[in-house]
Amino acid sequence: MAKYGILIYALGICVSVIAAAKLPDNGIGESIHSDDFESYLQQQESSLLRQGKLELVKQDDVETDNGENEPVERSVLTEHQSYKALILEVHKDFAVVGIGTHRVLVPRAWVQKGATANFSTLPQKEMFSNLSSILTVGDVMDVNIELLQAKDLPEGEDIFAKMSKNNDDSPAVQYAAAQLWKPDGDTWPDTMFLFNDGVILTILGLALWRLALRNEEEEATETDKDPLKLLLDVRSHVEDLYRSADDLESYQFLEQTKIIREDFLLPISASRQQLINRFGMEKAAELLITISYAERIVNRVSSAATDQHLEEAARCTEEAYAAFQEVYALMKKL
């Protein structure tokens, strides 16, 4: 189950990453710091020229430093073409956006809001009373060029008049006019459901993985508590105690009997039901009785060592060894 959990976990991460990578394509653009406006627009100009979304055309001759007139190539926007635009100014009735080296006016009536952009038709009515409340300088939004000359706008004269109050040079710049799409913040992106599915798969896979690891740990613990395995493991400790009984001090008797009792005999007693389930009541009972007898002798060794009766402790050690030999003889018959 662990491998399936890992596979589901990995699949969930992949789905979430792919979906998250697609989220910006649903219309939520990036935001540019004011210090980076110029570099961003220069890079955008070069990128749009490479993509063919801007065309280079020869403009009127311009007088050079040496007094000669030379034609100059300038890029031009394409009518009814969609672009990513950087919001440079926001006013109540209009906004100014940048597309490369171009400046574009967005009238308040040409701003739309929704889940997806629809530039096929112009908005029928003004949706917002104040663009300053919905647009932010530095944001990058989708726009669609409707007019290459903003002066042809019905409200163009009023807009340019307002711009002249703030900046005498503004009307001298050639402006296009465009629709702007403001993504609806209350609308789920198209890939949100895919992203959510990826998150669910990731959580499910992680849960299965952790569950499998816990089951493996429990199985390993159960293996360590197998009474037959414990009986086989305690054998070496009993033999060491038996061989060195005549040379041990009281504290050494106590240390070794404590290990035998707490690490082996007590866990075996606690898991006696496993023996009953595995071998049946009759065979398990005989084995358990013999184990209990061996345990009592080990306790007598400990008691004698506590009272400093080393000879008695050594004699009881021989009895304990003999009792365990009976246990191992019964185990062979199981």
Inset, instruction - Could you list which residues have their amide H under 5 Å from that of residue 139, counting only those 5 or more apart in sequence or on another chain, with H placed in the peptide plane? - result: 32, 87
Inset, instruction - With a point put 7 Å past each Cα toward its Cβ, work out how far residue 30 is from residue 80 in nm, to one decimal. - result: 3.1 nm
Inset, instruction - Find out how many positive minus negative residues lie around residue 243, taking Lys and Arg as positive, Asp and Glu as negative, among other residues whose Cβ is under 13 Å from that of residue 243. - result: -4
Inset, instruction - Take the Cβ-Cβ distance between residue 215 and residue 263 as r, set R0 to 22 Å, and report the resulting FRET efficiency rounded to the nearest 0.05. - result: 0.30
Inset, instruction - Please give the length that would be gained between residue 50 and residue 72 if that part of the chain were fully extended, namely 0.36 nm times their separation in residues minus their C-alpha to C-alpha distance (nm, one decimal). - result: 6.0 nm
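Values in this text are rule-based calculations from the coordinates and carry no lab data. In this text, all values refer to a predicted model and were calculated from it rather than measured experimentally. Reconstructed Cβ throughout: ideal geometry from the backbone, glycine too, with neighbour counts over all protein chains shown.
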